[in-house]
Amino acid sequence: MPVARPESQEPRVIAHVDMDCFYVQVEQRRNPDLRGVPTAVVQYNSWKGGGLIAVGYEARNFGVKRSMRGDEAKRVCPDIQLVQVPVARGKADLNLYRSAGSEVVAILSTKGKCERASIDEVYLDLTDAAKSMLLESPPAMLDSIPEEALKSHVLGLSSGENKGEDDVRKWLCQPDADYQDKLLACGTIIVAELRVRVLQETKFTCSAGIARNKMLAKLASPMHKPAQQTVVPATSVPDLLASLPVKKMKQLGGKLGTSLQDDLGVNTVGDLLKFSEQKLQDLYGINTGTWLWKIARGINGDEVEDRLLPKSHGCGKTFPGPMALKTTSSVKQWVNQLCEELSERIQSDLNQNKRIAQTLTLHARAFKEDELDPLKKFPSKSCPLRYGTSKIQEDAMHLFESGLSDFLNSKNLGWGITSLAVGASKIVDIPNGTTSILKYLTEKRTSCNPSDCSDALPGEPDHATSLISQKDADTKSYKECKVPLESEVEENPKTKASRESASDSKGLFDRDANVKGTILRYFSGGCSSNQRSTSEVETNQLEEEEEKISSSTANITSSHPNLNLNQNKNALSENWIYNIEEIDLSVVDELPLEIQREIRGWIHPSKRINTAKRGSTVAHYFSPARK
Ligand code: TTP
Ligand code: CA
Ligand code: CA
C-alpha cells in the first residue's frame, strides 16, 4: 500500500537515470559489429526464436517490440541481430549486465547520494552539488553551457516543445527564477555532464529525468529516449499530471488504478484534484488517501537512499507452455540450480561487501486442475536464510512444499509450475573491519521446516529472467538464527588471532539471563537446552508461534504425508533462548548498531567545477541503422 512521506520544504534536486536498451548496449559493446545494427537480446529458451527481453532503438524503428518472440521480430525486421543472453546452469546468467550496471553507478555516484534502483537505473540526490554550483559557478557565469545540457527538454518551455537551444539557455540562466528552479538549472548541467562521462567511460548512453522529487524525476526520465534528459520545473507539474494516465504511475498499475478509473472516473493523475483528502481517505484509507491527494499535486517526500548495492538478490526461471514442471523431482532439480546461483551471489556479496542476507524467499507461478479456484496464486514463502548451498536448497524446497500445500488447499490435484524464483533479502552490513563475529556463525542450526515458513509479502518479480524482489520479504520470526558458516567465510589471519583469544573470554557477565530477538540472527552457539527459561513475553510470543506451527503442520501433513514434518514445539522454544554469559563483550562493538543497543540493553537493563568536455552530446551516439 503506498504511504505518503512528508516532503521537505527545502528545495531538492533529484535525478532518475535509466540506461537505454540496456542489455542490447552491453552486447553491442562486447561485439562492436552490432553497433548501429538493429539488435535485440533474446531469452535462453529458444521456442519460436526466444522471447525478446531488450530491443535496441534501431530495431524499434522497424516496429520490433519486447512482447515479440525472435521469429516474429525477424519477420518485422529481417536484418535484426538476435543475441542470446549468456547462459549458466541452464538459465540466463545476468552477471555481465549486473557488472556493467555497476560501472555506471560508480560514475553517477560521484556527485551525490546515489540509490541503485534496478539493474539499469539509479536515483541521485544532487541538491548539495546544485547548491554549491549555484554559489560558485552558476549557469549565467559559465563561459559556455555544456552542449548536452542545452539539448535538455524543459517541460513547459515554449508551450511544451522546446524551440531550441537558445530557449534552454535562457531558462538555465534566467536571473529572476525562484530558488528551486535555479537549483534545477544547476542539476540539469550536472546530470548532462554525468551522462557525457558515462558515455565516454563506459560507452553506454542513458536518459534522465530531473525534478524536485523522485516521483517526478522517474516520470520524466522515459519521456525523451534514448540519450536525452527531461527537466520538470515546478510550474510544469500541473500540466504534466493533468495528462498522465493513472496506469502510468507504478503504484497505480494494478487494482488501485482500476478502482480509480472504474469507481471514480479518474483517468489521469490530475483528475484526482477534484477530490478532497478526506474523501480519498474515506474511500481508500488514511495512508493511501493522503498519498493519492499528494501525488495529484506532485508531492512526494521519498528520500534517495544511499545505496549502491542491490537491496536483494534473486534468480528465477520461467517454464512456459509445455515446459511446465509437473513433478516434485523436476521442481527440486530447478530449485537446486537456482539456489546454487543464489548461494554464490550472496557468498560473494559477503566476501566483497561484508553484507549478510537474512531472508530466503521462494516465488512461483503455478496452475492446477481445480475449476473452482482457477485464479488462486501460488503464495510466496519465506524463512530465515542459512548460508551454504545445500542448506539453501533444502530450505527452498521446504518453502516450495509449504507453498504448494497452500496453493492446492490440501487437495490431491494435478499441478504445474510455470515459473520459479528464489530471493535473498533483508541484507545488512557487517561493519567495516569486522571479522571476529564470524566465530559465532556456526553450523549449529536446524533446517527450515514447512511449518516455519512465513508467507512473504506480495511482490511481483521485476522480470521474467531477473526475478529480483524489490520488496523485502517479511520474516515474522527470528526463531532460527541463520548466518554464514565460518568455514565459508575467508578470515583475515590477523583477526583470527584476536578472534581466538576473544573466544576464550567467556563468562564476562555475572548475571545469568536468557535473551532473545534480533541478536539470534548473529549468534547461534548458545541455543543450549540446559539453560532454558523463558520470560513472560517470550512465552506469549512462543504461544503465537506454536499456534501457527501446529495449524500449518496439520494442514501440510494432510496433503503431503511423505514430507518430513517431525519438528516439535520444543525445538522452537530452544531456539528462542540465548544465555548472555556466552556473549563475548569484545565483539559487541563490531556488531551493527541495532544489535549493540539490544545487547547493551540486556547488560544494563535500567539504564562543482565545470569539467566536462564541451562539444560532445550523447544523442549523436545513435547513428541511423545501417542497412
Ligand atoms: P528496461 O529499463 O525496462 O528496458 P531497456 O533498458 O531495455 O530499454 P529502455 O531504453 O526503454 O529503458 O530494462 C532494463 C533491462 O532489463 C533490459 O535491457 C533487459 C532487462 N529486462 C528483462 O530481462 N525482462 C523484462 O521484462 C524487462 C522489462 C527488462
Ligand atoms: Ca532502461
Ligand atoms: Ca530500467
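The values are calculated or read from the model by the stated rules, or taken from the named source; none is laboratory data. The shown structure was predicted, so the numbers you read here are calculated from the model rather than taken from an experiment. Reconstructed Cβ throughout: ideal geometry from the backbone, glycine too, with neighbour counts over all protein chains shown. Protein only, heavy atoms only, side chains kept; ligands, DNA and RNA dropped before computing areas. Shrake-Rupley method; radii C 1.70, N 1.55, O 1.52, S 1.80 Å.
Suppose the filter is open to solvent by 70 Å² or more (accessible area, probe 1.4 Å) and over 26 Å from Pro222 (Cβ atoms); does Leu142 pass it?
no
Just to be sure, is Thr389 surrounded by fewer than 23 Cβ atoms within 10 Å (Cβ to Cβ) and among the β-branched types (Val, Ile, Thr)?
It is true that Thr389 is surrounded by fewer than 23 Cβ atoms within 10 Å (Cβ to Cβ) and among the β-branched types (Val, Ile, Thr).
Which of the residues belonging to the range 66-93 are within 15 Å of ligand 1 (Cβ to nearest atom) and touching a Phe, Trp or Tyr at 6+ places or on another chain (Cβ under 7 Å)?
Within the range 66-93, Gln84, Val85, Val87, Lys91, Ala92 meet the criteria.
When residues of the range 350-380 are filtered for being open to solvent by less than 10 Å² (accessible area, probe 1.4 Å) and over 21 Å from Pro320 (Cα atoms), how many remain?
So the answer is 6.
Given the conditions (1) among the basic types (Lys, Arg); (2) touching a Lys or Arg at 6+ places or on another chain (Cβ under 7 Å); (3) within 27 Å of Tyr44 (Cα to Cα), which single one is not true for Arg345?
For Arg345, the failing item is (2).
What tally of residues in the range 124-136 results from selecting those that are open to solvent by 30 Å² or more (accessible area, probe 1.4 Å) and within 16 Å of ligand 2 (Cβ to nearest atom)?
Adding up the residues that qualify gives 0.
Determine whether the range 63-86 contains at least one residue that is at negative phi, open to solvent by 60 Å² or more (accessible area, probe 1.4 Å) and among the hydrophobic types (A, V, I, L, M, F, W, C).
no
Taking only the range 300-328 into account, find how many residues are crowded, with 20+ Cβ neighbours inside 10 Å and among the charged types (D, E, K, R).
Residues meeting the conditions: 1.
Answer yes or no as to whether Glu305 is under 28 Å from Ser118 (Cβ atoms) and not in a loop (DSSP other than H, G, I, E, B).
Criteria not met by Glu305.
Asn287: open to solvent by 60 Å² or more (accessible area, probe 1.4 Å), modelled with pLDDT under 95 and more than 22 Å from Gln347 (Cα to Cα), yes or no?
Answer is yes for this residue.
Taking the options Val26, Val42, Val3, Val13, name whichever one is more than 12 Å from ligand 1 (Cβ to nearest atom) and open to solvent by less than 30 Å² (accessible area, probe 1.4 Å).
Exactly one of Val26, Val42, Val3, Val13 is more than 12 Å from ligand 1 (Cβ to nearest atom) and open to solvent by less than 30 Å² (accessible area, probe 1.4 Å), namely Val13.
Does any residue of the range 48-61 turn out to be out of contact with any strand residue (DSSP E or B) (no Cβ under 6 Å at 6 or more places or on another chain), part of a loop (DSSP other than H, G, I, E, B) and closer than 25 Å to Lys91 by Cα?
For the range 48-61, residues out of contact with any strand residue (DSSP E or B) (no Cβ under 6 Å at 6 or more places or on another chain), part of a loop (DSSP other than H, G, I, E, B) and closer than 25 Å to Lys91 by Cα: absent.
For the range 336-346, indicate whether the set of residues that are open to solvent by less than 60 Å² (accessible area, probe 1.4 Å), outside any strand (DSSP E or B) and in contact with a Phe, Trp or Tyr (Cβ under 8 Å, 6 or more places away or on another chain) is non-empty.
Scanning the range 336-346 turns up at least one residue that is open to solvent by less than 60 Å² (accessible area, probe 1.4 Å), outside any strand (DSSP E or B) and in contact with a Phe, Trp or Tyr (Cβ under 8 Å, 6 or more places away or on another chain).
Please go through the range 94-147 and pick out each residue that is in contact with a helix residue (DSSP H, G or I) (Cβ under 7 Å, 6 or more places away or on another chain), within 16 Å of ligand 1 (Cβ to nearest atom) and small (Gly, Ala, Ser).
Hit for the range 94-147 is Ala100, nothing else.
Restricting the search to the range 11-39, which residues are over 30 Å from Gln180 (Cα atoms), within 16 Å of ligand 3 (Cβ to nearest atom) and not in a helix (DSSP H, G or I)?
Cys21
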